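First the structure, in the form of structure tokens, and then the observations on it.
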Amino acid sequence: MKRIAVIGGGIAGLAAAYRLCELQKEKSLDLEVILFEAGARLGGSIATEKIDDFLIEAGPDSFITEKPAALQLCQRLGLTPRLVSTQSANQKIHVVRSGKLVELPEGFFLLAPTQLGSFLGTSLFSWPGKLRMAAELFLPRGENDGDESLGSFVRRRFGREALERVAQPLVGGIYASDPEQLSLTATMPRFKDLERQYRSVTYGMWSAQRARAQNRESGSGARWSLFVTLEGGMQELVDALAKQLAKNSVRLNSAAEKLSEDKTTSGWRLELKTGEVVAADAVVLATPAFQTSAILKTLASDAANELGRISYASTATISLAYRRENLSRLPKSFGFVVPAIENRKIMACTFSSLKYPGRAPEGHVLLRAFIGGSLQPELFKQDDESMENNVRNELAKLLGVTAKPLLSRIWRHANSMPQYHIGHIERIKKIENLLGRFSNLTLAGSAYHGVGISDCVSTGKKAAESLVSYFARNAAAI
């Protein structure tokens, strides 16, 4: 029997452990999979609470369907009937400008407009800003093929207003990051590819839009919306994965402290903070980069140093419930984002009960505000009372809601968002090369190849498959 230790019980570690169990059954492998989680629960930042018929998400409220890993995982778990698409009637996003909510022009995709009429009519940009964005159609390709910041790219192609008014707040909602440091190739490589292929990003997006329209007309469009969730919240995915793991294979409150080679078995000695030492034939490290760095410090100091250079941002969410009558100015929308230049004390706000059905009882509204990130780290450090008061004051100004919320729930996620700074892809390649000498050690998680749930699921699945291939190669050699 081969024992595989999966360290970290977030979505990446769970996906790795489940994939190992799948392969064990498919290939009749003699495996023992043990998952070690430092905390008292599984799921990492994913958690769902049911409070008085309100469904509250602590962290991610959905996953993207354009990246197939999470959708395929739900299919394998039998969760497809539980998937819920966004409510199409409210499929708008607003942006704060001068203290008011302005609808993002229809067809505007992160950087560029794809529908001329709505773009020309919006008050989100000044006329000089619109002309500068339109000029992108005539700009030559950039000469730099290396990595550059998202901020630099947007300013170069579309101008300052496009960066400040749209790109920064939308990217902030995804990465909680400063666009001046964020790597374009690690986060939004599609835009660099469009520049290379079409010269104009706007023209490239128009071409992609026409292709999507043709797919819809031919009946080959996507079954799901861009974002989907589960009827009972994202906790359903965590629970379904945990249920598939063997009894007694999950060890909670079991933080890993150190990993070292066992020369006698060609395996590993895993030291826990409790002092216990566990032997394993292979290991999946699905912990945040700074924890992975600490675990590998004595084993591979070179890789540990690079892992330690991946910085993280902290964010908090605060969910507030109201009666519908208290929100007379609430637009039919998924929510709004707040540009940093507006100098407000929230990054964004999701209208949870308008985005997905079943999040609030009839006649009520559930909102969720986001605080902190790399641009406002001081706001994350506020106490709960100050944080709630600041959010309520901002919502009073932006939505006109002055009533006391029916409930309030704050979730804090310290050092939860890895920052993909310029050079991130090269750093990850270096880390993987440095650890390449350990064929029975793999990495998984949000620090490497994407921060979304689908990205994490994909890294967990690949880590599991890599270890099973390693055992198969060793068996063949014997």
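The values are calculated or read from the model by the stated rules, or taken from the named source; none is laboratory data. Here the structure is a predicted model, which is why all the values come from computation and not from measurement. Cβ sites come from the backbone with ideal geometry, for glycine too, and all protein chains shown count toward neighbours.
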Point to revise | Cβ pairs under 8 Å, 6+ apart, first in the stretch 436-450 and more than 16 Å from GLU426 (Cα to Cα), second among the aromatic types (Phe, Trp, Tyr) and not in a loop (DSSP other than H, G, I, E, B) | key: SER439/TYR470; ASN440/TRP268; ASN440/TYR470; LEU441/TRP268
Exercise for review: Take THR122 and decide whether it is more than 27 Å from the chain's Cα centre (by Cα) and among the polar types (S, T, N, Q).
Suggested key: yes
Practice item. Select from the stretch 85-138 the residues that are under 18 Å from ALA340 (Cβ atoms) and among the β-branched types (Val, Ile, Thr) and list them in ascending order. Key: ILE93, VAL95, VAL96, VAL102
**Study point:** Contacts under 9 angstrom Cβ, first residue in the stretch 420-433 being among the aromatic types (Phe, Trp, Tyr), partner assigned to a helix (DSSP H, G or I), 6 or more apart
**Key:** TYR420/TYR175; TYR420/ALA186; TYR420/THR187
Study note, to complete from the structure: Within the stretch 184-198, of all residues that are farther than 20 Å from SER314 by Cβ and of a type in the set (S, T, N, Q), the one surrounded by the most Cβ atoms within 10 Å (Cβ to Cβ) is THR185
Practice item. Check off (1) within 24 Å of HIS94 (Cα to Cα); (2) crowded, with 19+ Cβ neighbours inside 10 Å for SER293 and give me the number that stays unchecked. Key: (1)
Review point. Within the stretch 161-187, can you find the residues that are outside any helix (DSSP H, G or I) and in contact with a Leu (Cβ under 7 Å, 6 or more places away or on another chain)?
Key: ASP178, PRO179, LEU182
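Here's the yes/no breakdown for (1) free of Cβ contacts under 8 Å to residues at least 40 places away in the same chain; (2) closer than 18 Å to VAL102 by Cβ; (3) surrounded by 14 or more Cβ atoms within 10 Å (Cβ to Cβ):
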site: GLY117; (1), (2), (3): yes, yes, no
site: LEU120; (1), (2), (3): yes, yes, no
site: PHE125; (1), (2), (3): no, yes, yes
site: LEU139; (1), (2), (3): no, no, yes
site: GLY142; (1), (2), (3): no, no, yes
site: ASP147; (1), (2), (3): no, no, yes
site: GLY151; (1), (2), (3): yes, no, yes
site: ARG155; (1), (2), (3): yes, no, yes
site: ARG165; (1), (2), (3): no, yes, yes
Review point. Does any residue in the stretch 374-391 that is closer than 16 Å to PRO169 by Cα come within less than 8 Å, Cβ to Cβ, of a residue that is in a helix (DSSP H, G or I) and not hydrophobic (A, V, I, L, M, F, W, C) six or more places away or on a different chain, and which pairs are these?
Key: LEU375/GLY172
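Kindly indicate the residue of the stretch 376-411 that is of a type in the set (A, V, I, L, M) and more than 24 Å from the chain's Cα centre (by Cα) and also nearest to ILE51 (Cα to Cα) among those meeting that condition.
Filtering the stretch 376-411 for residues that are of a type in the set (A, V, I, L, M) and more than 24 Å from the chain's Cα centre (by Cα), the one nearest to ILE51 (Cα to Cα) comes out as LEU407.
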Point to revise | Residues of the stretch 358-393 satisfying the condition of being touching a Cys at 6+ places or on another chain (Cβ under 8 Å) and either over 17 Å from GLU342 (Cβ atoms) or among the charged types (D, E, K, R) (or both) | key: LEU367, ARG368
Practice item. List every residue pair whose Cβ atoms sit under 8 Å apart, with the two residues 6 or more apart in sequence or on different chains, where the first one lies in the stretch 229-250 and is touching a residue at least 24 places away in the same chain (Cβ under 8 Å) and closer than 28 Å to LEU31 by Cβ and the second, anywhere, is in a helix (DSSP H, G or I) and aromatic (Phe, Trp, Tyr). Key: LEU241/TYR18; GLN244/TYR18; LEU245/TYR18
Exercise for review: Could you check how many residues of the stretch 235-267 are at pLDDT 95 or above and in contact with a helix residue (DSSP H, G or I) (Cβ under 8 Å, 6 or more places away or on another chain)?
Suggested key: 14
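Go over the candidates LEU14, LEU35, LEU77 one by one and state the one that is in the same structural domain as ALA256 (by TED's automatic domain parsing) and over 30 Å from SER408 (Cα atoms).
On the way: LEU14 fails: over 30 Å from SER408 (Cα atoms); LEU77 fails: in the same structural domain as ALA256 (by TED's automatic domain parsing).
Exactly one of LEU14, LEU35, LEU77 is in the same structural domain as ALA256 (by TED's automatic domain parsing) and over 30 Å from SER408 (Cα atoms), namely LEU35.
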Review point. So which of ALA12, ALA38 ends up being of a type in the set (A, V, I, L, M) and part of a helix (DSSP H, G or I)?
Key: ALA12
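Based on this model, can you work out whether LEU83 counts as in contact with a strand residue (DSSP E or B) (Cβ under 6 Å, 6 or more places away or on another chain), surrounded by 14 or more Cβ atoms within 10 Å (Cβ to Cβ) and outside the structural domain of ILE410 (by TED's automatic domain parsing)? Quick ask: steps written out before the conclusion?
Details: in contact with a strand residue (DSSP E or B) (Cβ under 6 Å, 6 or more places away or on another chain): yes; surrounded by 14 or more Cβ atoms within 10 Å (Cβ to Cβ): yes; outside the structural domain of ILE410 (by TED's automatic domain parsing): yes.
In short, yes.
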Practice item. Looking only at the stretch 237-260, decide whether some residue is more than 25 Å from the chain's Cα centre (by Cα) and of a type in the set (Val, Ile, Thr). Key: no
